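Engineer: Quick one: the structure is below, questions incoming.
The values are calculated or read from the model by the stated rules, or taken from the named source; none is laboratory data. Owing to the predicted nature of the structure, the values given are computational and were not obtained by experimental measurement. Note: accessible area is taken over every heavy atom of the protein model, side chains too, but ligands, DNA and RNA are not part of it. Shrake-Rupley method; radii C 1.70, N 1.55, O 1.52, S 1.80 Å.
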Amino acid sequence: MSAAGFVCLIGVYASFSLAQHAGRSEESSRQRWGFLAILSAGCTAWATHMIALLAFQPGMASGFDPLLTALSLVFVVAGIGVGIGLAIGTRDRRLRFFAGLVLGLSITLLHYVGQAGYRVAGTVSWDVGLAGGTVLASLVMNGIAMVVAGERNRSLRRFGAPMLFAAIAVLHLGGMTAIQLTFDPRIRLPDYTMAPNVIAPIVAGVCLGLMALAFLGLRFTLNARAQTRRDQARLRELANLAIEGLAICDGAVITAVNDSLQKLSGRTRDDLIGQDLGTLLPTTALQELGLREEGDAELIGANGQLVPVRVLRSEVTVGSAKQTVVAIRDQRERLKMEATFRRLAYTDTLTGLTNRLRFNELLARKANHPQRSQNPFALLALDLDRFKWINDTLGHSVGDLVLQQVAVRLEELVQPGDTIARLGGDEFMLLLPEEKDRARDIAERAVLSLRQPYAVQGLTIEIGVSVGIAYSQTDGDTGDELTSNADLALYRAKQSGRNRICKFEPQMLLDALARRTLEMDLRLALQRDEFVVHYQPQIDASTGAFQGAEALVRWQHPTKGLVSPADFIPLAEELGLIGTIGQKVLAVACREALSWPSEFTVAVNLSAHQLTEIDLVQKVAAVLSATGLPSSRLELEVTESALLQDTDRTHANLHGIHELGVRVSLDDFGTGYSSLSHLTQFPFDKLKIDQSFVRRLPGDNNSVAIVQAVVGLADKLKMTVTMEGVEREEQRAFAKREGCQGIQGYLVSRPIASHELGELFDPHRVSDHEWNRTTPVEAGLKR
Ligand SMILES: Nc1nc2c(ncn2[C@@H]2O[C@@H]3COP(=O)(O)O[C@H]4[C@@H](O)[C@H](n5cnc6c(=O)[nH]c(N)nc65)O[C@@H]4COP(=O)(O)O[C@H]3[C@H]2O)c(=O)[nH]1
């Protein structure tokens with residue numbers, strides 16, 4: 001029996017190792033090795049059975065029927081071949097059960113055909129019930145064994161082999177117990193019977209063959225193991241070069257890890273190997289992740305902290321076995337970078353406040369929120385007053401520092417949940433949850449806070465802020481609508497002066513519409529040449545002699561009639577159209593002045609915008625040359641506020657103009673940002689005292705003092721003085737008494753059309769001589 005067991009062991013080993021080799025082999029040779037494995041399995045069963053029979057001592061002569069004995073070998077080889085062939089690689093349990101039945105049947109045939117071929121000198125009787133019962137039980141057990149062996153579940157799969165052995169044992173023990181041999185001297189063995197000593201060498205030959213196959217299998221196994229070790233070593237080497245963490249898994253169990261994974265997880269190789277991958281990556285269902293598919297997961301570090309990672313599942317062949325490789329990439333740096341990029345994309349780099357992009361997103365989210373009515377909010381549009389002046393005169397670096405301080409002051413006013421954004425330049429926006437007039441309160445505090453002086457680079461700077469407010473309940477449905485309405489309110493606040501707060505009113509929309517219409521009309525007016533120039537005479541204050549006239553533009557509107565410059569010049573300045581309009585006025589005034597008596601001058605207003613034009617001097621020179629008006633007959637008027645723009649260029653332009661021989665006068669003197677330094681910086685020939693002082697003359701002592709001081713100053717600086725807006729004779733007398741050289745005002749004439757002015761100069765009506773002798777007032781030319 002021990003010989004049978006030994007042969008069985010050798011044979012089983014040979015069959016398994018050959019089967020494994022077949023599995024590892026290339027497609028072309030796989031079938032050959034598979035057939036050899038099946039042959040080996042069949043021969044093992046047959047040889048075990050034969051050795052058991054040879055060892056059996058029936059107590060009478062015995063022998064073997066060669067045909068049946070050979071047939072039993074054929075049956076078992078064929079049966080195993082068909083059974084394995086059916087079961088291999090199939091997930092269908094019924095098919096596997098059927099394959100088990102085929103396998104069981106082949107072993108049954110081996111046993112009973114073999115028994116039938118075993119001849120003794122006696123009678124053979126059978127316990128049919130026992131034999132039949134055990135055959136049936138064995139067949140069912142074979143079927144079950146094949147089903148279990150093909151299961152995915154590992155622990156279930158382990159029961160396959162013991163079940164198969166049990167099936168064979170039941171068959172064999174049942175068969176041996178059911179047979180009964182009785183010696184009968186009358187029975188002789190047939191002649192063709194092979195004696196045990198004849199068949200024994202054949203069985204021994206088969207056993208030797210099996211041993212040879214076992215050695216072959218052993219060599220294959222050892223080669224395969226060496227190959228596996230080499231693959232593993234190469235894989236480990238490569239894996240340790242990888243920056244990403246790598247875990248090689250058999251199923252879900254970790255069998256190898258690289259250095260990066262140890263570092264990433266904070267655990268040692270020994271801690272990790274043998275662990276279920278799920279303990280490392282609890283949120284990843286590895287099986288659900290397709291091959292070469294990436295997914296997000298969280299890795300549990302050694303101290304329990306969760307590390308965001310990206311995982312990729314792949315398969316590699318180690319030796320001949322397929323193993324799962326999970327690549328784990330640390331996402332912390334990437335997420336941190338993304339957060340930085342997001343913060344940068346959403347932040348104003350100068351102030352650190354929310355930028356326009358982010359603000360618009362937040363506003364749109366609030367405006368489109370389903371529960372918007374329960375969460376009212378207010379939008380505050382802020383624009384700094386005089387900021388442009390700071391930028392232009394003190395430089396952008398000072399402007400930037402002021403903006404940073406503004407941001408800090410605004411941040412002091414708000415609380416968590418409020419948003420402050422800088423949309424660009426000196427535009428800020430506040431988005432506040434609205435309750436009990438809080439927005440108004442914050443607007444007032446912002447005005448108070450931002451008007452406090454700023455200490456920047458040793459300078460003390462003062463600015464102000466205008467605020468427009470729009471409320472979510474009443475002033476717009478969408479974020480865009482609310483923003484543009486808050487801007488309209490801001491526009492109104494700016495127009496009303498500095499440090500003002502305005503709430504949006506629906507009327508502002510109508511005004512904006514009217515402004516837009518005016519804007520379109522103004523552009524059309526330029527194309528259609530609808531601007532005309534009127535002139536207001538200027539006379540000598542003491543003699544009343546005509547000196548010249550100031551050119552004042554009017555818009556001959558097709559439906560509105562003559563529109564005053566006060567109604568369109570500010571918009572033309574805003575739209576940048578003033579340059580073109582001013583250039584036209586200059587050309588017309590110079591051309592028309594040429595028809596006046598030769599000693600009369602024409603004064604033309606220059607806007608702030610024109611003063612900053614690079615080619616202003618060339619333009620003036622070109623007009624003079626085109627019209628032929630001597631430069632000494634042209635006077636250009638600039639206001640003090642216009643001087644605040646771009647001082648370098650303004651400076652160069654005024655000096656350039658003066659060098660052409662054109663006179664320069666300072667208009668509206670005494671209003672605005674009077675700075676005496678302007679008087680020395682720029683080449684003024686004349687000061688025009690603003691009509692706001694003149695209006696209060698001669699009764700108001702302050703105005704009297706101011707006018708006297710201006711006249712004294714001009715005298716010292718070698719400038720002449722003209723008083724504007726003289727309406728009454730006593731004002732003219734005052735001007736004459738105080739030494740003003742010229743006067744202009746309704747007392748003399750309102751601005752009049754060119755042809756009307758021409759009539760004044762008509763030598764048939766009033767000769768040059770008479771003009772010089774008689775004041776227009778005296779001559780009754782008052783209009
Ligand atoms: N109450 C009163 N007003 C008097 C009297 N005498 C003259 N005025 C008005 O005072 C303004 C004087 O012009 P301005 O100070 O240069 O002020 C001008 C000037 O700043 C601007 N402007 C007019 N024409 C031009 C132009 O061609 N270019 C530019 N840039 N601005 C212009 O529009 C302003 C207003 O022009 P106008 O409406 O024509 O108003 C004129 C004139 O009609 C008076 O006795 N009493």
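Engineer: Near the amide H of Ala541, under 5 Å away, which other amide H atoms are found, from residues 5 or more places off or on another chain, if H is placed in the peptide plane?
Structural biologist: HN-HN under 5 Å from Ala541: Gly742, Ile743.
Engineer: Still on this structure: Taking N as the number of residues in the chain, what value does Rg over Cα atoms divided by 2.2 N^0.38 Å take?
Structural biologist: Values: Rg = 55.6 Å, N = 783, 2.2 N^0.38 = 27.7 Å.
In units of the 2.2 N^0.38 Å rule of thumb, it is 2.01.
Engineer: Now a separate question. With a 1.4 Å probe and all protein chains left in place, how much of the accessible area of segment 70-133 comes from carbon and sulfur atoms, in whole percent?
Structural biologist: Details: 2180 of 2950 Å².
Using a 1.4 Å probe with all protein chains present, segment 70-133 comes out at 74 percent carbon and sulfur.
Engineer: Protein chains only, probe 1.4 Å: how do Cys8, Cys590 rank by accessible area, largest first? Could you put the intermediate results ahead of the total?
Structural biologist: Numbers: Cys8 40, Cys590 0 Å².
Descending order: Cys8, Cys590.
Engineer: Using modelled backbone amide H atoms (1.01 Å from N, in-plane), which distant-in-sequence or interchain residues come within less than 5 Å of Leu423's amide H?
Structural biologist: Amide H to amide H, under 5 Å and 5 or more residues apart or across chains, Leu423 pairs with Phe428, Met429.
Engineer: Using the alpha-carbon atoms, what tilt in degrees (0 to 90, nearest 10) does helix 438-450 show relative to the longest principal axis of the chain?
Structural biologist: Once rounded, the angle reads 60 degrees.
Engineer: Just want to confirm a number: the relative contact order over the chain, from Cα pairs under 8 angstrom separated by 6+ residues, in percent.
Structural biologist: Details: 1328 pairs, mean separation 52.5, N = 783.
Dividing the mean separation by the residue count of the chain yields 7 percent.
Engineer: How big is the Cα convex hull of segment 242-335 in projection, averaged over all directions, in nm²? Mind dumping the intermediate values first?
Structural biologist: On the way: hull surface 22.8 nm².
Orientation-averaged projected area of the Cα hull: 5.7 nm².
Engineer: Taking the Cα atoms only, what angle lies between the long axis of helix 27-55 and the longest principal axis of the chain, rounded to 10 degrees?
Structural biologist: The helix 27-55 is inclined about 30 degrees to the chain.
Engineer: Restricting attention to the alpha-carbon atoms of segment 184-286, what are Rg (one decimal) and Dmax (integer), both in Å?
Structural biologist: 27.8, 87
Engineer: Let me ask something else about it. Give me the percent of accessible area attributable to carbon and sulfur for segment 517-773, probe 1.4 angstrom.
Structural biologist: Details: 5740 of 11150 Å².
Carbon-and-sulfur percentage of accessible area, whole number: 51.
Engineer: Please express the shape of segment 347-504 as an equivalent ellipsoid: the semi-axes are the square roots of 5 times the eigenvalues of the C-alpha gyration tensor, given largest first in whole angstrom. Working shown, then result.
Structural biologist: On the way: eigenvalues 144, 50, 36 Å².
Equivalent ellipsoid of segment 347-504: 27, 16, 13 Å, largest first.
Engineer: Each residue of segment 621-636 in turn: what ³J(HN,Hα) in whole Hz from Karplus with 6.51, -1.76, 1.60 and θ = phi - 60°, glycine and Pro shown as x?
Structural biologist: Values, residue by residue: 4, 5, 5, 4, 6, 5, 8, x, 6, x, 4, 5, 8, 9, 10, 10 Hz.
Engineer: Another one. So, taking all protein chains as they sit and a 1.4 Å probe, how much accessible area belongs to His534, in Å² rounded to tens?
Structural biologist: Surface open to solvent at His534 totals about 30 Å².
Engineer: Turning to a different aspect of this structure: Compute log10 of I(q)/I(0) for segment 470-606 with the Debye formula, placing one identical point scatterer on every Cα and leaving out solvent, at q = 0.09, 0.17 Å⁻¹, to two decimals.
Structural biologist: Result of the Debye calculation: -0.42, -0.96.
Engineer: Give the angle, between 0 and 90 degrees and rounded to the nearest 10, that separates the Cα long axis of helix 128-149 from the longest principal axis of the Cα atoms of the chain.
Structural biologist: The angle comes out at about 20 degrees.
Engineer: Per residue, how much accessible area does the chain show when a 1.4 Å probe rolls over the protein heavy atoms, in square angstrom? Intermediate results must be reported in sequence, preceding the final value.
Structural biologist: Details: 38860 Å² over 783 residues.
I get 50 Å² per residue for this part.
Engineer: Ok, one more. With both partners inside the chain, how many of the DSSP beta bridges are antiparallel, as a percent to the nearest 5? Don't jump to the answer; show the numbers that get you there.
Structural biologist: Working: 76 of 102 bridges.
Bridges in the chain are about 75 percent antiparallel.
Engineer: Please provide three numbers in whole Å: the alpha-carbon extents of segment 2-220 along the principal axes, with the largest listed first.
Structural biologist: Cα extents, longest axis first: 58, 37, 27 Å.
Engineer: Pull out the extension gain between Ala55 and Thr580, defined as 0.36 nm times the separation in residues minus the alpha carbon to alpha carbon distance; nm, one decimal. Could the numbers behind the result be given before it?
Structural biologist: Working: separation 525, 0.36 × 525 = 189.00 nm, distance 12.69 nm.
Length gained, Ala55 through Thr580: 176.3 nm.
Engineer: May I ask which of Lys436/Lys494; Lys388/Lys688; Lys388/Lys584; Lys584/Lys688; Lys688/Lys718 have a Cα-Cα span longer than 18 Å here?
Structural biologist: Values: Lys436/Lys494 25 Å; Lys388/Lys688 27 Å; Lys388/Lys584 28 Å; Lys584/Lys688 24 Å; Lys688/Lys718 14 Å.
Too far apart for the 18 Å limit: Lys436/Lys494; Lys388/Lys688; Lys388/Lys584; Lys584/Lys688.
Engineer: Another question, if that's okay. Just to check I understand the Karplus step: with θ = phi - 60° and J = 6.51 cos²θ - 1.76 cosθ + 1.60, what whole-Hz values come out for segment 164-178, glycine and proline as x?
Structural biologist: 5, 5, 4, 4, 5, 4, 4, 4, 5, 5, x, x, 5, 6, 7
Engineer: With θ set to phi - 60° and the Karplus curve 6.51 cos²θ - 1.76 cosθ + 1.60, what are the ³J(HN,Hα) couplings of segment 185-194 in order, to the nearest whole Hz, using x for Gly and Pro?
Structural biologist: Those phi angles translate into x, 6, 8, 10, 6, x, 5, 6, 5, 8 Hz.
Engineer: Shifting gears a bit: Which cross-chain or sequence-distant (5 or more) residues have an amide H under 5 Å from the amide H of Ile501, H modelled 1.01 Å from N in plane?
Structural biologist: Val467
Engineer: Here's a follow-up. Restricting to Cα pairs below 8 Å that are 6+ residues apart, what does the relative contact order work out to for segment 517-773? Please round to a whole percent. Write down the numbers at each step before the final one.
Structural biologist: Working: 434 pairs, mean separation 51.7, N = 257.
Across segment 517-773, relative contact order equals 20 percent.
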